[in-house]
Amino acid sequence: MNPLVGQVTLVLILVILFLPRRWAALGVVSGVLYVTQSEFFVVGGIDFTAIRFIILVGFIRVVMRKEVSFSRLNKIDKSLLIFNIVYLLVFALRSQLNPSIHSGLMYQLGFFCDGLLSYFTFRGLLKDLDTFRQFLKDIAFLILPFTIFIIIEGVTGRNFFSLMGGVPETPILRKGYYRCQGSFRHAITAGTFGATLVPLFIGLARLANKRFWAVIGIILGALITIASHSSGPLMTFIGGVTAWMCWPLRERMRIVRWAIVGFFVSLAVVMKAPVWFIIDRVGDLVGAGDGWHRANLIDKFINSFWEWWLMGMPIEKTADWAATKMPWGTVDVTNGYVSVGINGGLISLVLFIWLFKNCYQLLGRAMEKIRRGDTQNDKRNEVLLWGLGSALFSHMMSLISVTYWDQSYVMWYMLLAVISSLTEHSNWN
């Protein structure tokens, strides 16, 4: 492991172990932002990157201090566990039928553990609205240096984090602009990090005593998104802002949902190509050249339904899904939903969507109780909950164009954990 990576990781581990919950949570996010993840060493046959160490230490902390309880799992906890277990079991069963994918099983097992450890770490660290409000304000301060490094990378074409290893010194140049990635392994995951924070900061901006840092956070998140020069993060950003535009209609969301369905049905009628090729059209509008690839990926996935629906399908069968291939001979699966279906079959994809449904259901119930005045909480907390829902929608948009890997999965599980914790707040039960 790079000595600089090791030193920073050690400092963050001490922060996570010994400081209060809010600071420990910030220590985990600092590991996402300021430590590259390609450097690792092997323990017992398992590859440990810096973020894997950090998450493991965070989980040990919340368990030893009894900051998280496994005796009372709520609806989101259970749906997340069920999805991950079924997904892993389907993949494992298929690997027994096809010994050539045993190495893939170890990767899936590692990702299974990483995700659940991340989730329950944040379930223990961010447990109430007051802590979460202060945490968001601190995040805005925390990403300031990262944004400065990203801007320098875009201007000079030199990535500061290359000193840690694991990321290139010079980022990819596209159409005259550097695709900035910072400590992340790709510009898309870096841009997605910034884009998915913006809806949370918008909710925080409604609180007068937090407004300054909330506005700073919005600006920084937008700058990170722009610096990535990627269509996926841009659409993620637009998705989160669009969700906030529905705020005045929050008591009529059933009408909004049906209007969206009607809109896509109308598109399906008038478009010559399948409706998902709207992604290609949007990509052309924003000047991105990969919209067709993402639309074509969905098209191939749907047309191959009978190959993957039962138990998924070997990833090698996707080799002819696009003109370009990955070095190992498969298509670049730049879609989280497609990845779930290919690896875990239809049942895993349904359970994945069920997880989103449960998150929105519990968010809706909590907001309804606040509107009715059935709780002791300030009604301004409603905007924080709406911000969580908007951030979740931005992740739903993001997953159309990326699968979470490197350290980006940590922030995804953080959001799920916060939604789970805040919607089971004692005053809302």
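Among the candidates SER348, SER390, which residue alone is under 18 Å from TRP247 (Cβ atoms) and in a helix (DSSP H, G or I)?
SER390
Which pairs turn up if I take residues in the stretch 362-381 that are within 22 Å of LEU73 (Cβ to Cβ) and look for partners that are in a helix (DSSP H, G or I) and modelled with pLDDT under 75 with beta carbon separation below 8 Å, at least 6 apart in sequence or on another chain?
ARG365/TRP428; ALA366/TRP428; LYS369/TRP428
Starting from residues that are among the basic types (Lys, Arg), in contact (Cβ under 8 Å) with a residue 40 or more places away in the chain and touching a helix residue (DSSP H, G or I) at 6+ places or on another chain (Cβ under 6 Å), keep the ones in the stretch 171-218 and report whichever is nearest to THR403 (Cα to Cα).
ARG179
Give the residues of the stretch 313-343 that are within 22 Å of LEU109 (Cα to Cα) and among the basic types (Lys, Arg), sorted by residue number.
Of everything in the stretch 313-343, just one residue is within 22 Å of LEU109 (Cα to Cα) and among the basic types (Lys, Arg), namely LYS317.
Considering GLY217, GLY232, which residue is crowded, with 24+ Cβ neighbours inside 10 Å, at pLDDT 90 or above and closer than 22 Å to PHE146 by Cα?
Checking each option against the conditions leaves just GLY217.
Looking at (1) surrounded by 16 or more Cβ atoms within 10 Å (Cβ to Cβ); (2) modelled with pLDDT of 95 or more, which is the one condition that is false for ILE101?
It fails just one condition, (2).
Kindly indicate the residue of the stretch 317-345 that is touching a residue at least 60 places away in the same chain (Cβ under 8 Å) and in a helix (DSSP H, G or I) and also farthest from ILE188 (Cα to Cα) among those meeting that condition.
Ranking the candidates gives GLY345 first.
Looking only at the stretch 152-176, count every residue that is over 18 Å from HIS186 (Cβ atoms) and either among the aliphatic types (A, V, I, L, M) or in contact with a Pro (Cβ under 9 Å, 6 or more places away or on another chain) (or both) and tell me the total.
Adding up the residues that qualify gives 3.
Out of the residues in the stretch 47-79 that are closer than 16 Å to VAL15 by Cβ and basic (Lys, Arg), which is surrounded by the fewest Cβ atoms within 10 Å (Cβ to Cβ)?
Only one residue fits best here, namely ARG65.
Quick grid of which residues meet (1) within 14 Å of LEU384 (Cβ to Cβ); (2) modelled with pLDDT of 95 or more; (3) within 22 Å of the chain's Cα centre (by Cα); (4) surrounded by 21 or more Cβ atoms within 10 Å (Cβ to Cβ):
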| site | (1), (2), (3), (4) |
| --- | --- |
| LEU129 | yes, no, yes, no |
| GLY154 | no, no, no, no |
| GLU169 | no, no, no, no |
| ARG179 | no, no, yes, no |
| PRO199 | yes, yes, yes, yes |
| ALA208 | yes, no, no, no |
| PHE212 | no, no, no, no |
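Okay, residues lined up against (1) in a loop (DSSP other than H, G, I, E, B); (2) among the aliphatic types (A, V, I, L, M); (3) under 18 Å from the mean Cα position of the chain (by Cα); (4) exposed (fewer than 14 other Cβ atoms within 10 Å of the Cβ):
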{"residue": "GLY115", "(1), (2), (3), (4)": "no, no, yes, no"}
{"residue": "PHE120", "(1), (2), (3), (4)": "no, no, yes, no"}
{"residue": "ALA140", "(1), (2), (3), (4)": "no, yes, yes, no"}
{"residue": "ILE148", "(1), (2), (3), (4)": "no, yes, no, yes"}
{"residue": "ILE151", "(1), (2), (3), (4)": "no, yes, no, no"}
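Condition first: touching a residue at least 40 places away in the same chain (Cβ under 8 Å) and not aromatic (Phe, Trp, Tyr). Now tell me which residues in the stretch 152-170 satisfy that.
Answer for the stretch 152-170, where residues must be touching a residue at least 40 places away in the same chain (Cβ under 8 Å) and not aromatic (Phe, Trp, Tyr): GLU153, GLY154, LEU163, MET164, GLY165, GLY166, VAL167.
Only one residue in LEU267, LEU297, LEU249 is surrounded by 20 or more Cβ atoms within 10 Å (Cβ to Cβ), out of contact with any Gly (no Cβ under 9 Å at 6 or more places or on another chain) and free of Cβ contacts under 8 Å to residues at least 60 places away in the same chain, so which one is that?
One residue alone meets the criteria, LEU297.
Can you tell me which of (1) out of contact with any Gly (no Cβ under 7 Å at 6 or more places or on another chain); (2) loosely packed, with under 15 Cβ neighbours inside 10 Å; (3) at pLDDT 90 or above is the one LYS175 doesn't meet?
Answer for LYS175: the failing condition is (3).
Before we move on, is LEU349 at pLDDT below 95 and among the aliphatic types (A, V, I, L, M)?
Considered against the rule, which asks whether it is at pLDDT below 95 and among the aliphatic types (A, V, I, L, M), LEU349 comes out as no.
The values are calculated or read from the model by the stated rules, or taken from the named source; none is laboratory data. On a predicted model such as this, the values are computed, not experimentally measured, just so you know. When we count neighbours, we look across all protein chains shown, and the Cβ atoms used for this are built from the backbone with ideal geometry, even at glycine.
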